[in-house]
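Notes for the one structure printed next.
The values are calculated or read from the model by the stated rules, or taken from the named source; none is laboratory data. Source: prediction; values computed, not measured. So basically every Cβ, Gly included, is an ideal-geometry build from the backbone, and we count neighbours across all protein chains shown. Each accessible area value is taken on the protein alone, full model and side chains, heavy atoms only, with ligands, DNA and RNA left out. Shrake-Rupley method; radii C 1.70, N 1.55, O 1.52, S 1.80 Å.
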Amino acid sequence: MKIEILEKTDTNLRVIVRDADVPLMNALRRIALAEVPCMAIEEVVMIENSSILQDEIVAHRLGLTPLKTDLDAYNLPEECKCQSEFGCPECRVTLTLDAEAKEGTRTVYSGEIVSENPEIIPVSDKIPLIKLAKNQKLKLEAYARLGRGKTHAKWQPVSMCAYKYYPQITTPKKKCEDCQKCVEICPKKVLKIEDGKVDVRDLLACNLCMDCVDACPQKPSPLKVEWEKDTFILNIESTGALSPERVLSEATRILGKQLEDFEEQVKAIQQ
Ligand SMILES: [Zn+2]
């Protein structure tokens, strides 16, 4: 198997994976969505809330605020040796929020949340949490813990994780001067016309919708859109909780662990 990086930013990773198959790609996708842990606020102790929003709505909004996660420094609650419902410093981070509208109506942003661990903070300080009118107050203590996306979407480290086949486009050899329907119809602008000949402008943008082939008045169409059966383009967009590379490496580690567990159980049956 071979991996080639197409695009890499703080929150987005796009790679070409060669010599793979659909079950593997789909397993990695599903694990990235549902099994790779990240931090999220799980419990909120409301000290004062004179805003117009109920405590539950404020707590829900806090839960959905993505937090930067340090996977190596914290344990999953079920794996922590404390086995306590409330957690210990190894499986819980305490965050506080103390906001008041003294001058007039104002918005409270995620940047006002204070964390006991400066590494575990909201990924952005510009997420609006609540609007307070003059003299309203919101004071609370919140506890963040590691969790998995399959329990609640707030523990999903990716906003998007998807793969597609690597496209293969064969353009007509002859000139197609009077008709440019395939070029015009493509929503991703994959094709272009050069010297009256249809050519590929941006191959990787193709999502194999086949609109160009359908639009061609010639049947069968000289334009062919196919895909490589064992090559994929994988795109991971992180919420900012973890780097997309870490999400991918964690997903492969978890898949390996699941297979090991499975193997052990199969061995147990054989004995
Ligand atoms: Zn613990």
Exercise for the section: Find the residue count for the stretch 222-239, including only residues that are more than 14 Å from L33 (Cα to Cα) and not in a strand (DSSP E or B). Expected result: 2
Exercise for the section: Hey, can you tell me all the residues within the stretch 157-174 that are aromatic (F, W, Y) and either open to solvent by 60 Å² or more (accessible area, probe 1.4 Å) or under 30 Å from P122 (Cα atoms) (or both)? Expected result: Y163, Y165
Practice task
Scan I57, I121 and give me the residue that is closer than 21 Å to P157 by Cβ, at pLDDT 95 or above and either away from the ligand (no atom under 16 Å from the Cβ) or touching a Pro at 6+ places or on another chain (Cβ under 6 Å) (or both).
Solution key: I121
Practice task
Starting from residues that are of a type in the set (S, T, N, Q) and more than 11 Å from the chain's Cα centre (by Cα), keep the ones in the stretch 131-156 and report whichever is nearest to I120 (Cα to Cα).
Solution key: T151
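Is one or more of the residues making up the stretch 108-117 within 16 Å of the ligand (Cβ to nearest atom), in a loop (DSSP other than H, G, I, E, B) and open to solvent by 90 Å² or more (accessible area, probe 1.4 Å)?
Yes, the stretch 108-117 has at least one match.
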Practice task
Please identify the pairs in which a residue from the stretch 55-76 that is over 13 Å from R145 (Cβ atoms) and of a type outside the set (F, W, Y) has its Cβ atom under 8 Å from the Cβ atom of a residue that is more than 16 Å from the ligand (Cβ to nearest atom) and assigned to a helix (DSSP H, G or I), counting only partners at least 6 apart or on another chain.
Solution key: L64/A153; L64/K154; T65/S110
Practice task
Would you confirm whether any residue within the stretch 145-154 is open to solvent by less than 60 Å² (accessible area, probe 1.4 Å), modelled with pLDDT of 95 or more, of a type outside the set (A, V, I, L, M) and within 16 Å of the ligand (Cβ to nearest atom)?
Solution key: yes
Problem - Residue list for the stretch 67-98, restricted to those being in contact with a Phe, Trp or Tyr (Cβ under 9 Å, 6 or more places away or on another chain) and of a type in the set (A, V, I, L, M, F, W, C) - result: C80, F86, C91, V93, L95
Exercise for the section: Would you mind finding the one in P89, P66 that is surrounded by 11 or more Cβ atoms within 10 Å (Cβ to Cβ), near the ligand (Cβ under 9 Å from one of its atoms) and either under 20 Å from the mean Cα position of the chain (by Cα) or at negative phi (or both)? Expected result: P89
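Yes/no matrix, rows are residues, columns are (1) aromatic (F, W, Y); (2) out of contact with any Pro (no Cβ under 7 Å at 6 or more places or on another chain); (3) surrounded by 13 or more Cβ atoms within 10 Å (Cβ to Cβ):
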position: N12; (1), (2), (3): no, no, yes
position: R18; (1), (2), (3): no, yes, yes
position: V36; (1), (2), (3): no, no, yes
position: L76; (1), (2), (3): no, no, yes
position: S84; (1), (2), (3): no, yes, no
position: V93; (1), (2), (3): no, yes, yes
position: D98; (1), (2), (3): no, yes, yes
Handout entry: Conditions (1) in a helix (DSSP H, G or I); (2) buried (at least 18 other Cβ atoms within 10 Å of the Cβ); number of the one not met by L259
Key = (2)
Problem - Cβ-Cβ under 8 Å pairs, at least 6 apart or on other chains, the stretch 149-169 side at negative phi, far side assigned to a strand (DSSP E or B) and of a type in the set (F, W, Y) - result: Y163/F232; K164/F232; Y165/W227; Y165/F232; Y166/W227; Y166/F232; P167/W227; Q168/W227
Problem - Residue list for the stretch 92-141, filter: under 16 Å from V58 (Cα atoms), touching a residue at least 60 places away in the same chain (Cβ under 8 Å) and of a type in the set (V, I, T) - result: I127, I130
Exercise for the section: Quickly run through the stretch 121-150 and pick out the residues that are of a type in the set (A, V, I, L, M, F, W, C) and not in a loop (DSSP other than H, G, I, E, B). Expected result: L129, I130, L132, L138, L140, A142, A144, L146
Practice task
Considering every residue within the stretch 38-61, establish whether at least one is within 17 Å of E237 (Cβ to Cβ), out of contact with any Lys or Arg (no Cβ under 7 Å at 6 or more places or on another chain) and not in a helix (DSSP H, G or I).
Solution key: yes
Practice task
Output the number of residues of the stretch 181-195 satisfying the condition of being in contact with a Pro (Cβ under 9 Å, 6 or more places away or on another chain) and either assigned to a loop (DSSP other than H, G, I, E, B) or in contact (Cβ under 8 Å) with a residue 60 or more places away in the chain (or both).
Solution key: 1
